[in-house]
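The values are calculated or read from the model by the stated rules, or taken from the named source; none is laboratory data. Not measured: the values here are computed from a predicted model. Here the Cβ positions follow ideal geometry from the backbone for every residue, glycine too, while neighbour counts run over all protein chains shown.
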Amino acid sequence: MLSLRNVSKKLPDGRPLLKGISLDVQKGEFIGILGESGVGKTVLLRCINGLTRPDEGEVIINGDGRPQRINGKKGKDLRSIRRKIAMIFQGSILVKRLAVVENVLTGGLGRISTLRSLVYGFTDEEVHKAMEALEQVGIQSLAHRRTETLSGGEMQRVAIARAIFQEPHLLLADEPTSNLDPKNTEAVMELLQPLTKQIAIVGVFHTPELVRKYCTRAIGIRAGCIVYDGSPHLTDETLRLIYGTRNQIPDCQIH
């Protein structure tokens with residue numbers, strides 16, 4: 001589904017941020033990435049979907065039997081690959097002046113021409129599928145509400161519905177619950193988890209408890225390296241490895 005090979009990225013001042021990140025992600029996995037703030041978790045997601053170019057290494061998506069290298073692609077070729085990758089951000093990033101169902105439909109813009117999006121819009125069948133996506137996340141009744149009137153939890157459900165409508169091979173989630181209360185946090189995670197029946201999910205989280213409860217695999221990043229890749233049932237020793245007090249790690253070895 002997804003392969004990263006020796007992905008490295010430097011900060012603008014030349015300091016290394018990511019150091020030779022390699023991993024493989026399979027369909028059905030829900031991967032939770034953990035690490036201290038500033039270690040490059042979000043930058044890693046941006047490298048995966050092509051929003052940021054790694055300085056070295058390869059990012060390869062293979063959801064339909066045709067491996068495609070993401071980094072290095074531009075324009076139409078990059079947009080074609082990005083159609084296979086949906087992303088949910090910390091703040092949902094919706095067009096708040098639009099109706100809820102219109103925001104969901106934007107998940108399909110990558111599949112249609114610019115002319116059709118501007119002049120003809122979406123078909124009745126596509127609107128029906130968008131409504132089904134809203135029903136799947138439990139807010140079909142809000143379809144025609146202006147998005148700006150929704151709560152934070154409802155907006156994140158719209159973002160998930162948009163991702164469902166996109167029909168991706170891979171879903172990236174960048175701290176999707178960080179601005180939510182505990183009840184909405186649980187609701188969002190319970191909506192994401194079943195999606196792994198069709199796709200893979202890679203998410204960045206700050207709460208190990210969420211990774212333990214909902215993810216199938218945990219990855220710990222520290223000092224730019226993957227220091228843990230394994231069971232989501234994280235021990236205190238593993239958490240010390242990921243969040244330890246030492247400033248440097250002598251070797252980037254997975255435990």
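When you check Leu171 against the structure, is it of a type in the set (A, V, I, L, M, F, W, C) and surrounded by fewer than 23 Cβ atoms within 10 Å (Cβ to Cβ), yes or no? Before the answer, list the steps.
Working: of a type in the set (A, V, I, L, M, F, W, C): yes; surrounded by fewer than 23 Cβ atoms within 10 Å (Cβ to Cβ): no.
Here the answer is no, as Leu171 does not meet what is asked.
Please specify each residue of segment 73-115 satisfying the condition of being more than 17 Å from Gln166 (Cα to Cα) and either in a helix (DSSP H, G or I) or modelled with pLDDT under 80 (or both). Please lay out each step first, then the result.
Just the residues of segment 73-115 that are more than 17 Å from Gln166 (Cα to Cα), to begin with: 73-77, 90-91, 96-99, 115.
Those that are more than 17 Å from Gln166 (Cα to Cα) and either in a helix (DSSP H, G or I) or modelled with pLDDT under 80 (or both): Lys73, Lys74, Gly75, Lys76, Asp77, Gly91, Leu115.
Please list, ordered by first then second residue, the pairs with beta carbon atoms under 7 Å, 6 or more apart or interchain, first in segment 169-186 and free of Cβ contacts under 8 Å to residues at least 40 places away in the same chain, second part of a helix (DSSP H, G or I) and among the β-branched types (Val, Ile, Thr).
Between residues of segment 169-186 that are free of Cβ contacts under 8 Å to residues at least 40 places away in the same chain and residues that are part of a helix (DSSP H, G or I) and among the β-branched types (Val, Ile, Thr), the close pairs are Thr177/Thr185; Thr177/Val188; Leu180/Val188.
Step by step: first the residues of segment 40-58, then only those that are part of a loop (DSSP other than H, G, I, E, B) and over 16 Å from the mean Cα position of the chain (by Cα), then the one that is surrounded by the most Cβ atoms within 10 Å (Cβ to Cβ). Which residue is that?
Start the filter on segment 40-58 by keeping residues that are part of a loop (DSSP other than H, G, I, E, B), which leaves 40, 49-55.
Those left that are additionally over 16 Å from the mean Cα position of the chain (by Cα): 53-55.
Numbers: Arg53: 14, Pro54: 23, Asp55: 14.
Once the filter is applied, the top-ranked residue is Pro54.
Just one of Ile93, Ile88, Ile160 is surrounded by fewer than 18 Cβ atoms within 10 Å (Cβ to Cβ) and in contact (Cβ under 8 Å) with a residue 60 or more places away in the chain; which is it?
Details: Ile88 fails: surrounded by fewer than 18 Cβ atoms within 10 Å (Cβ to Cβ); Ile160 fails: surrounded by fewer than 18 Cβ atoms within 10 Å (Cβ to Cβ).
Just a single option satisfies the conditions, and that option is Ile93.
Return yes when Gly20 is of a type outside the set (S, T, N, Q), surrounded by 16 or more Cβ atoms within 10 Å (Cβ to Cβ) and in contact with a Lys or Arg (Cβ under 7 Å, 6 or more places away or on another chain) and no when it is not.
Working: of a type outside the set (S, T, N, Q): yes; surrounded by 16 or more Cβ atoms within 10 Å (Cβ to Cβ): yes; in contact with a Lys or Arg (Cβ under 7 Å, 6 or more places away or on another chain): no.
Answer is no for this residue.
Applying the selection to segment 20-39, what residues are among the acidic types (Asp, Glu), farther than 19 Å from Asn6 by Cα and under 16 Å from the mean Cα position of the chain (by Cα)?
Scanning segment 20-39 gives a single hit, Glu29.
Looking at Ser37, is it at pLDDT 95 or above, surrounded by fewer than 22 Cβ atoms within 10 Å (Cβ to Cβ) and over 14 Å from Leu171 (Cβ atoms)? Full working, then the answer.
On the way: at pLDDT 95 or above: no; surrounded by fewer than 22 Cβ atoms within 10 Å (Cβ to Cβ): yes; over 14 Å from Leu171 (Cβ atoms): yes.
When the stated conditions are applied, Ser37 does not pass them.
Working only within segment 174-183, note down all residues that are surrounded by fewer than 23 Cβ atoms within 10 Å (Cβ to Cβ) and under 26 Å from Gly40 (Cα atoms). Steps first, answer last, please.
At the first step, the residues of segment 174-183 found to be surrounded by fewer than 23 Cβ atoms within 10 Å (Cβ to Cβ) are 174-175, 178-183.
The answer is Asp174, Glu175, Ser178, Asn179, Leu180, Asp181, Pro182.
Would you mind telling me which numbered condition in (1) modelled with pLDDT under 95; (2) surrounded by fewer than 21 Cβ atoms within 10 Å (Cβ to Cβ) Ile61 fails?
(2)
Specify the residue that is modelled with the lowest pLDDT; the eligible residues are those in segment 184-221 that are under 19 Å from Arg46 (Cβ atoms) and out of contact with any strand residue (DSSP E or B) (no Cβ under 6 Å at 6 or more places or on another chain).
His206
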